[in-house]
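One structure is given here, and the rest of the page talks about it.
The values are calculated or read from the model by the stated rules, or taken from the named source; none is laboratory data. All of these numbers come straight from a predicted model, not from anything done at the bench. Neighbour counts are summed over all protein chains in view; Cβ atoms, including those assigned to glycine, are modelled from backbone coordinates with ideal geometry. Surface areas here come from the heavy atoms of the whole protein model, side chains and all, with no ligands, DNA or RNA. Shrake-Rupley method; radii C 1.70, N 1.55, O 1.52, S 1.80 Å.
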Amino acid sequence: MSKIVFLDVDGTLIDYEAKLPASAAKAVDQARANGHKVYICTGCSKAEIEQRNLCELDGMIGGNGAYVEDHGHVVMHQGLSKEDVKHIVDWCNERHLGFYLEANSGMYCNDYMYEQGPEVMVKYAQGKGADLTKAKESSKRFIDGFIHLQGEDLYRDDVNKISFILSSYQDHLDSQKNSHT
């Protein structure tokens, strides 16, 4: 009897340096050879996943459930509205917060992400066990994957989710109060 296997990506299928261990690739290949379907289930959008060197899979649930794909066919895609994206982009820019828009077509960032992102990503990687050199390399690879946009070009209708950098706990509290989605 075949089964469906759902795998997380970061820290499960790949390590926090975005490397796929041979043992993970072998396990996925073996499961698929035994007739099971293997899907990734991740907060990442397709564009971010495509930057990684993964083994062959049957599909994905990405963007925290905003996008579902089976054997290359889109089963469901429910992103944010352009109005919601505009609201969040303006809110972040008014506060000078770095952010990136995660879409299947790419990861789009503002000016502040280039300023604030590298340091935050180094701290993130170190928190997951990377030494400083590897954390800096990982951060650079991640930031280099962004497409830099400004102004109204950031008002997109293909966004699955938005990740932003908090500068204070008050930003978190204000984001909860300001949320209308």
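Values as computed for the structure displayed
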quantity: Qualifying positions in the range 119-158 - touching a residue at least 12 places away in the same chain (Cβ under 8 Å), β-branched (Val, Ile, Thr) and open to solvent by 30 Å² or more (accessible area, probe 1.4 Å); calculated: Val120, Ile147
quantity: Check on Ala103, over 24 Å from Tyr67 (Cα atoms), out of contact with any His (no Cβ under 9 Å at 6 or more places or on another chain) and buried (at least 18 other Cβ atoms within 10 Å of the Cβ); calculated: no
quantity: Residue pairs meeting the criteria (Cβ under 6 Å; at least 6 apart or on separate chains; first within 22 Å of Gln51 (Cβ to Cβ) and open to solvent by 80 Å² or more (accessible area, probe 1.4 Å), in the range 13-39; second of a type in the set (Lys, Arg) and in a loop (DSSP other than H, G, I, E, B)); calculated: Tyr16/Lys128
quantity: Count - residues of the range 79-93 that are touching a Lys or Arg at 6+ places or on another chain (Cβ under 8 Å) and open to solvent by 50 Å² or more (accessible area, probe 1.4 Å); calculated: 1
quantity: Residue list for the range 75-118, filter: part of a strand (DSSP E or B), within 12 Å of Phe164 (Cα to Cα) and free of Cβ contacts under 8 Å to residues at least 60 places away in the same chain; calculated: Tyr108, Cys109
quantity: Extreme residue, nearest to Ala33 (Cα to Cα), among residues of the range 54-78 that are surrounded by fewer than 16 Cβ atoms within 10 Å (Cβ to Cβ) and in contact with a Lys or Arg (Cβ under 8 Å, 6 or more places away or on another chain); calculated: Glu56
